[in-house]
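Visitor: I have a structure here, written as structure tokens, and I will follow up with some questions on it.
The values are calculated or read from the model by the stated rules, or taken from the named source; none is laboratory data. Quick caveat: nothing in here was measured; it's all calculated off a predicted structure. For neighbour counting, all protein chains shown are included, and Cβ atoms are generated from backbone atoms with ideal geometry for every residue, glycine included.
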Amino acid sequence: MVEVERGTILATCATLVVCGFLLYLVAISPSSSSTAADSLPTRLNDAEFWQMVSDFSEPGGYFRSDNFLSNEAGYQYVIPVLRKTVSPGGAYLGVGPEQNFTYIVACEPKMAFIVDIRRGNMLELLLYKALFELSQDRVEFASRLFSRPRPAGLSADPSPEALFRAFEAMRPSKTQFDANFRLVMNHLGKTHGFKLSSEDADRIRYVYTAFFESGPDLSYTFLGGYGGFSGMPTYSELMSETDGRTRNWSFFANDSQFRRVQRMQKDNLIVPLVGDFAGDKAIRSVGRYLKQHNAVVTAFYTSNVEQYLFQDGVSKRFYANAATLPVDSSSMFIRFVLNGYRFGGRSRTLASSIGDTVKAFNAGRLRNYYEVVQMSR
């Protein structure tokens, strides 16, 4: 009987040792530790939000175009890959204006940081923030964005095609534009208490004027003109695209997706920053903040900024910054690849592992942007 009991005890101890070892492996795995201990806030108050915008940002820099909206047709085609790879939760990083909202819908982060070298981009995102918060639904949002009367006869949850057709038929209203602009500035300055200068207000008005004058036909603009750059998709075309399979992930596609972005805006969880990808502050500040909250970057949308970094000889500084970000095996770069690099002259949006990309660069295997594209899918 003693021998039996001793054997039982030994077996039980062995089982406990194995279980403890397995729990240890789970605890140290990057993907599980980052999500299990994630302490990102569910809401930032206005002071916390503005302090983060101010403290994390760098001085604004120059870029050759206004970039009022994306010029990346087909930008949703990468989303099925992201949905299979990227884990919900954590933090999203991006660059540029409205395309980030679509990737936020698809990647489902808890928090987002949008880093752009242009202070004008940060101010445009604050304009978007105010319009999201002031609007009851997508139709009212579009009415405010384009300063056009709300069309009659639209359903409660219209398709983006029907919504934009209706607004294309409406004439812009200067009276509505002026009233909306005053409402936006009051909301940002008085309701939120954000410290915006008179130059910032002038820039927000400049951006808002582009939407007023061009409406749903606004396209990517070059050197300050509203007329657009030949062959670029319009606002309505970008918002009506799909992932090439089954779904439009745009925040304009349906009420549910609009409200997801709207909730994050109201909770101050989409944080626009001024920063150079090769700078020494913005990206590293985000990395430190996420590490303090045991969170990971789940996706980082770079557009084609990496191409410029290689051209300017500062790619090493960017990948050194990216190396400071907490990531796991599912964390992905999202990049727009202009024609001429691959795919027989067609532009595409692709993805690659953040960790693998940084490792390959540090190992000397990524000597130019073409080689970065080659490791993307």
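Visitor: Any idea which residue in the range 229-241 is surrounded by the most Cβ atoms within 10 Å (Cβ to Cβ), counting only those that are in a loop (DSSP other than H, G, I, E, B) and free of Cβ contacts under 8 Å to residues at least 24 places away in the same chain? Outline the logic, then answer.
Guide: Initially, the range 229-241 is screened for residues in a loop (DSSP other than H, G, I, E, B), giving 229-233, 240-241.
When the remaining residues are screened for being free of Cβ contacts under 8 Å to residues at least 24 places away in the same chain, the result is 230-231.
Details: Ser230: 7, Gly231: 9.
Restricting to residues being in a loop (DSSP other than H, G, I, E, B) and free of Cβ contacts under 8 Å to residues at least 24 places away in the same chain, the top hit is Gly231.
Visitor: Would you check which residues across the range 41-73 are under 18 Å from the mean Cα position of the chain (by Cα), surrounded by fewer than 16 Cβ atoms within 10 Å (Cβ to Cβ) and either of a type in the set (D, E, K, R) or more than 24 Å from Met264 (Cα to Cα) (or both) and list them?
Guide: Of everything in the range 41-73, just one residue is under 18 Å from the mean Cα position of the chain (by Cα), surrounded by fewer than 16 Cβ atoms within 10 Å (Cβ to Cβ) and either of a type in the set (D, E, K, R) or more than 24 Å from Met264 (Cα to Cα) (or both), namely Arg43.
Visitor: When Ile283 is evaluated against the numbered criteria (1) touching a residue at least 60 places away in the same chain (Cβ under 8 Å); (2) part of a strand (DSSP E or B), which criterion, by number, is the only one it fails?
Guide: Here Ile283 clears every test but (2).
Visitor: Counting just the residues of the range 242-275 that are of a type in the set (D, E, K, R), outside any helix (DSSP H, G or I) and touching a helix residue (DSSP H, G or I) at 6+ places or on another chain (Cβ under 9 Å), which one comes out surrounded by the fewest Cβ atoms within 10 Å (Cβ to Cβ)?
Guide: In this case the residue turns out to be Arg245.
Visitor: Over 20 Å from Met185 (Cβ atoms) and among the aliphatic types (A, V, I, L, M), is that true of Ala130?
Guide: Spelling it out, it is not the case that Ala130 is over 20 Å from Met185 (Cβ atoms) and among the aliphatic types (A, V, I, L, M).
Visitor: Being in contact (Cβ under 8 Å) with a residue 40 or more places away in the chain and touching a strand residue (DSSP E or B) at 6+ places or on another chain (Cβ under 8 Å) narrows it down to one residue among Leu163, Leu126; which is it? Explain how you work it out, then say what you get.
Guide: Values: Leu163 fails: touching a strand residue (DSSP E or B) at 6+ places or on another chain (Cβ under 8 Å).
Exactly one of Leu163, Leu126 is in contact (Cβ under 8 Å) with a residue 40 or more places away in the chain and touching a strand residue (DSSP E or B) at 6+ places or on another chain (Cβ under 8 Å), namely Leu126.
Visitor: Please count how many residues of the range 180-197 are part of a helix (DSSP H, G or I) and more than 16 Å from Tyr128 (Cα to Cα).
Guide: Pass one, the range 180-197, residues part of a helix (DSSP H, G or I): 180-191.
With the extra rule that they be more than 16 Å from Tyr128 (Cα to Cα), the set shrinks to 190.
Residues that pass the stated criteria total 1.
Visitor: Of all residues in the range 147-159 being under 22 Å from Ser173 (Cβ atoms) and in contact (Cβ under 8 Å) with a residue 24 or more places away in the chain, which is surrounded by the fewest Cβ atoms within 10 Å (Cβ to Cβ)?
Guide: Among them, the one singled out is Pro149.
Visitor: Here's something else I'd like to know. Taking the condition crowded, with 20+ Cβ neighbours inside 10 Å and either farther than 18 Å from Thr42 by Cα or touching a helix residue (DSSP H, G or I) at 6+ places or on another chain (Cβ under 7 Å) (or both), does Ala320 pass?
Guide: No.
Visitor: Is there any pair with a first residue in the range 41-55 that is modelled with pLDDT of 95 or more and a second that is outside any helix (DSSP H, G or I) whose Cβ atoms are under 6 Å apart and which are 6 or more apart or on different chains, and what are they?
Guide: Arg43/Asp267; Leu44/Asn268; Asp46/His192; Asp46/Gly193; Phe49/Asn268; Trp50/Phe194; Met52/Val271
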